[in-house]
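These notes are about the structure you will find just below.
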Amino acid sequence: MAIVNEFLTLETKGNCDIIDITKRLQLLLSKQKMSAGHALVFVSGSTAALTTIEYEPGLKQDFTEMIDRLVPKSMRYFHEETWNDGNGHSHIRSSLIGPSITIPFGDGEFLLGTWQQVIFVDFDNRPRTRKLVVQFTGE
C-alpha cells in the first residue's frame with residue numbers, strides 16, 4: 001500500500017465558478033503506477049468545494065441557480081459584519097457541498113459513471129488562485 005500526495009493549482013473567476021477537473025486528476029493518477037485504490041481530493045480553503053456532476057451547460061446553470069436559492073447573496077451574514085469582506089454566503093455554500101471528495105480507481109482509471117465528472121466550485125466573491133491536495137492511496 002502506498003500513499004502519494006500531489007497538488008493541483010487552479011485560477012478561478014469566483015462567484016460560483018465551476019471547473020471540471022476530471023482530466024487533470026486522471027493525468028495525476030496515470031503518473032502513480034497504481035492499479036487500484038482511491039484518491040482523496042481536498043481544497044485548502046473555506047469558500048470552495050468539490051463534488052460530481054454531469055458537466056454540461058444546463059446542469060451548470062441549474063447548479064448555480066439552486067445554490068442561489070439555497071444560500072442567497074442578499075441575506076444578512078454575521079461573518080460579513082465581523083470581517084466586512086462580503087463573502088459570508090461563500091462560506092455557507094462551501095460548507096454545504098464540502099471541501100473534499102474521495103474517488104475510487106481500478107486498472108489505473110477512476111471508477112466514475114459515464115456522465116459523471118469531478119468538479120471544483122469556487123464560491124468566493126472574487127477571483128482566486130486555489131490549491132488542491134490530491135492524495136492517492138493504493139497499490
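When we screen Glu139, Glu81 for residues that are exposed (fewer than 14 other Cβ atoms within 10 Å of the Cβ), touching a residue at least 12 places away in the same chain (Cβ under 8 Å) and more than 12 Å from the chain's Cα centre (by Cα), the only hit is Glu139. Quick one: would you say Met75 is part of a loop (DSSP other than H, G, I, E, B), farther than 16 Å from Asp124 by Cα and not charged (D, E, K, R)? Here the answer is no, as Met75 does not meet what is asked. Please verify whether region 67-84 includes one or more residues that are in contact with a helix residue (DSSP H, G or I) (Cβ under 8 Å, 6 or more places away or on another chain) and of a type in the set (Phe, Trp, Tyr). The answer is yes, given that some residue of region 67-84 is in contact with a helix residue (DSSP H, G or I) (Cβ under 8 Å, 6 or more places away or on another chain) and of a type in the set (Phe, Trp, Tyr). Each residue in region 122-139 was checked for being over 17 Å from Thr102 (Cβ atoms) and either in a loop (DSSP other than H, G, I, E, B) or among the β-branched types (Val, Ile, Thr) (or both), and 6 of them qualify. Looking for something crowded, with 17+ Cβ neighbours inside 10 Å, over 15 Å from the mean Cα position of the chain (by Cα), among the aliphatic types (A, V, I, L, M) and not in a loop (DSSP other than H, G, I, E, B) - is there at least one such residue anywhere in region 26-37? Scanning region 26-37, I find at least one residue that is crowded, with 17+ Cβ neighbours inside 10 Å, over 15 Å from the mean Cα position of the chain (by Cα), among the aliphatic types (A, V, I, L, M) and not in a loop (DSSP other than H, G, I, E, B), so the answer is yes. Restricted to region 95-122, and to residues there that are aromatic (Phe, Trp, Tyr) and in contact with a strand residue (DSSP E or B) (Cβ under 7 Å, 6 or more places away or on another chain), the residue that is farthest from Ile53 (Cα to Cα) is Phe105. Of all residues in region 93-103, those that are surrounded by 19 or more Cβ atoms within 10 Å (Cβ to Cβ) and assigned to a helix (DSSP H, G or I) total 2.
FYI, it's all coordinate maths here, none of it is from the lab. This one's a predicted model, so the numbers in the text were calculated from it and none came from an experiment. Neighbour counts run over all protein chains shown; Cβ positions are idealised from the backbone, glycine included.
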